[in-house]
Amino acid sequence: MTGFCRLGEPGRERPAVVVDDVTYDLSDLTDDIDGAFLAAGGLERARDAARAGRLPVLDGADRLRTGPPVARPAAVLCIGQNYAAHAAESGSAVPEHPILFLKHPNTVVGPDDDVHLPAGSERGDWEVELVAVIGRRAWALDSDEDALAHVAGYAVGNDVSERTHQFDLSGGQWSTGKTFPTFAPLGPLLVPADEVDPQGLRLRSHVNGEPRQDSSTKDMVFGVGALVRVLSRRMVLEAGDLVFTGTPEGVALSGRFPYLRDADVVELEIDGLGRQRQRVVAGG
Ligand code: MN
């Protein structure tokens, strides 16, 4: 298994790759893991170099903060209600077309960074999601297969949501409740697309150690190939763009669980892509 990551303090992360549990430093190969690196075939080159023993081991990697595995995405595109059971718990019908909303790219933080709820928030919520990372520019793609060929890799994401802003203060535009600072924890790893079956992954979340979501990406209404194809016909997708592919049932919006409070701990994981752990900080 190969996983790309960025390790170090915010804004000063160092690019690295984990191969068979050993972390190698990518600094000699690239300044960062970003759209330009992905579009130039960087993942394949770096993986080959690691396997051939041409990269130095990154000593002390386990003592460094983990940042988001992709730097500076140009766009963070999010799909709503892409699991039938989640649409039902939200009081909605299964969509006929992918529902798109956006987060500001500056919402993206590391997988274990604190999540800050805005002042007065009483309806903060978690959403574990498979995130597809675009590998090269895409426009007006014709097939799901071609769309999947434009995906560089996959990561775990938390589409953190504030439901009062999302539904009551938005005029129906969901982005309003989705784009507060720290509302897009990403990582720990970017796993190359050729090592992932995007429609065969178990995804789970816990709050304070108690189970919340537990589903499979096989239950998506629109699979990753269909989503990327449709999005590419609505806008030009750029290398490094993130596509949050929707969350399964088991969020607080269902009424089955309390909303997030100060000092709660949210954990999210997807098979083969790693695990996130965030502390919730209320009040901004
Ligand atoms: Mn979502």
Exercise. Is it the case that some residue within the stretch 6-27 is more than 19 Å from PRO105 (Cβ to Cβ), in a loop (DSSP other than H, G, I, E, B) and modelled with pLDDT under 95?
Worked result: yes
Problem set entry | VAL196 vs. criteria buried (at least 19 other Cβ atoms within 10 Å of the Cβ) and farther than 27 Å from TYR259 by Cα | yes
For this session: Within the stretch 157-178, track down each residue that is of a type in the set (Phe, Trp, Tyr) and more than 11 Å from the ligand (Cβ to nearest atom).
Result: PHE167
Exercise. Hey, does the stretch 152-163 have a residue that's β-branched (Val, Ile, Thr), surrounded by fewer than 24 Cβ atoms within 10 Å (Cβ to Cβ) and not in a strand (DSSP E or B)?
Worked result: no
Exercise. Can we say VAL70 is over 18 Å from LEU29 (Cβ atoms) and in contact (Cβ under 8 Å) with a residue 12 or more places away in the chain?
Worked result: no
Exercise. Can GLY272 be described as touching a helix residue (DSSP H, G or I) at 6+ places or on another chain (Cβ under 9 Å) and within 16 Å of the ligand (Cβ to nearest atom)?
Worked result: no
Problem set entry | Residue count for the stretch 168-202, restricted to those that are over 16 Å from LEU117 (Cα atoms) and aromatic (Phe, Trp, Tyr) | 1
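Matching residues to (1) assigned to a loop (DSSP other than H, G, I, E, B); (2) within 16 Å of the ligand (Cβ to nearest atom); (3) at pLDDT below 95:
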residue: LEU203; (1), (2), (3): no, yes, no
residue: SER215; (1), (2), (3): no, yes, no
residue: LYS218; (1), (2), (3): no, no, no
residue: PHE222; (1), (2), (3): yes, yes, no
residue: VAL243; (1), (2), (3): no, yes, no
residue: THR247; (1), (2), (3): yes, yes, no
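The values are calculated or read from the model by the stated rules, or taken from the named source; none is laboratory data. Values in this document were obtained by computation on a predicted structure and should not be read as measured data. When we count neighbours, we look across all protein chains shown, and the Cβ atoms used for this are built from the backbone with ideal geometry, even at glycine.
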